[in-house]
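Written out below as structure tokens is the structure these notes cover.
Every read-out reported here was derived from the displayed coordinates using simple, explicitly stated rules and does not represent laboratory data. Please read all numbers here as calculations on a predicted model, not as lab measurements. Cβ coordinates were reconstructed from backbone atoms using ideal geometry, including for glycine residues, and neighbour counts include every protein chain displayed.
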């Protein structure tokens, strides 16, 4: 077995009703002055109000930053940092989807004033320390609560990542009850996103692809493959919601250590230029990227297929890999997600620009099982159109 490194959050606390522990955890981990980072949509759900009541009942004073946007731009991060510094907070809580958790990670580092956002872009550039950090996901998709990654939109459409173990939180608090009110379309997009994390992690050509990540990826696919449709169409099913939240976390642990590849690389221009949510962007290109990869590297997809779709065990090799790609496309459609770039009103003459932009995602493309040229990216976009 070749050497590898595996990092994850220091403490994972999972279960229905776990939000009730937030006050005692915050007081023990952080002190009595914290910042809670979330978004306007979360403010309308009642979940933030519950969290604030729980924190205040434990004697914790809370500074709320609620202006997080999807695919957060640099300005949002810097605004939150400024507010955290002004309030002299002792810890940071991220509550919401992946964007809120990503911003919370960065604020925990930058609020100390020892590093700048521009200096920490890339892999391994965060020196630390950071403020104590608790992450509470309310979607089953990004796995951000267990990843050392934060994605920021820079300029008009480009995205850059901050990748460092320093960003892993002290506590990942996962309460499936917080996902019960998630609308079907968001449940579907985030669910497929989590499955993409598992799939790309398992097939990654990263030097750090490891048996622990592969084990987590297959378990994640088993949980989500059996539950995503029920979570979408029967959103009050707590068992399905628990499977999805736990599966998303496992997939997050997997790709945090064995990084994702071309699906994400080709999805980023969709979000950057057209503000398509990240999970849906991944779903739109997923089957087309996998068919491209499976033409020359079918083995990992053939190995994964029966975990997500047990009925595919009757096939072998290339046939099983091809069936896996087809079943993923069928699952996306059954979840009610849009199935083409055309359906998203993307102009066909813009595809070459997206192919060019995708080539900038070298951090991701290097992990793909098959080399992707700009011409290949354009062909994939045309297939998805």
Going by average Cβ density within 10 Å per residue, which order do the peptides 263-272, 120-129 take, highest to lowest? 263-272, 120-129
Which FRET efficiency value, to the nearest 0.05, is calculated for residue 383 and residue 334 with the Förster distance at 25 angstrom and r the Cβ-Cβ distance? 0.80
How long is the gain from residue 295 to residue 74 if the chain were fully straight, where each residue apart is worth 0.36 nm and the alpha carbon distance is subtracted? 75.7 nm
Rank-order 166-174, 372-380 by packing density, defined as the average count of other C-beta atoms within 10 Å over each peptide's residues, highest first. 166-174, 372-380
Relative contact order (%) - criterion: Cα under 8 Å, at least six apart; region: segment 227-385: 29 percent
What is the angle, in °, between the Cα long axis of helix 317-334 and the longest principal axis of the Cα atoms in the chain? Nearest 10 is fine, range 0 to 90. 50 degrees
Any chance you could give the angle, 0 to 90 degrees and rounded to 10, that helix 47-57 forms with the longest Cα principal axis of the chain? 30 degrees
How high is the relative contact order of the chain, given as a whole-number percent (alpha carbon pairs under 8 Å, six or more residues apart)? 16 percent
Can you compute the helix-only [θ] at 222 nm over the chain? Use -39500 (n - 2.57) per DSSP H run of at least 4 residues, normalise by all residues, nearest 500 deg cm²/dmol. -16000 deg cm²/dmol
Sequence-separation-based contact order of segment 11-179, relative, with Cα cut under 8 Å and 6+ spacing, percent: 27 percent
The exposure ranking of 315, 381, fewest beta-carbon neighbours within 10 Å first, is 315, 381
Be a star and scan segment 168-208 for residues whose amide nitrogen sits under 19 Å from the point 7 Å along the Cα-to-Cβ vector of residue 343. 183-196
Using Cβ contacts closer than 10 Å as the measure, can you line up 43, 304, 249 from fewest to most? 43, 304, 249
How high is the FRET efficiency between residue 85 and residue 212 when r is their beta carbon distance and R₀ equals 45 Å, given to the nearest 0.05? 0.75
The residues 206, 164, 258, sorted from fewest to most surrounding Cβ atoms within 10 Å, come out as 206, 164, 258
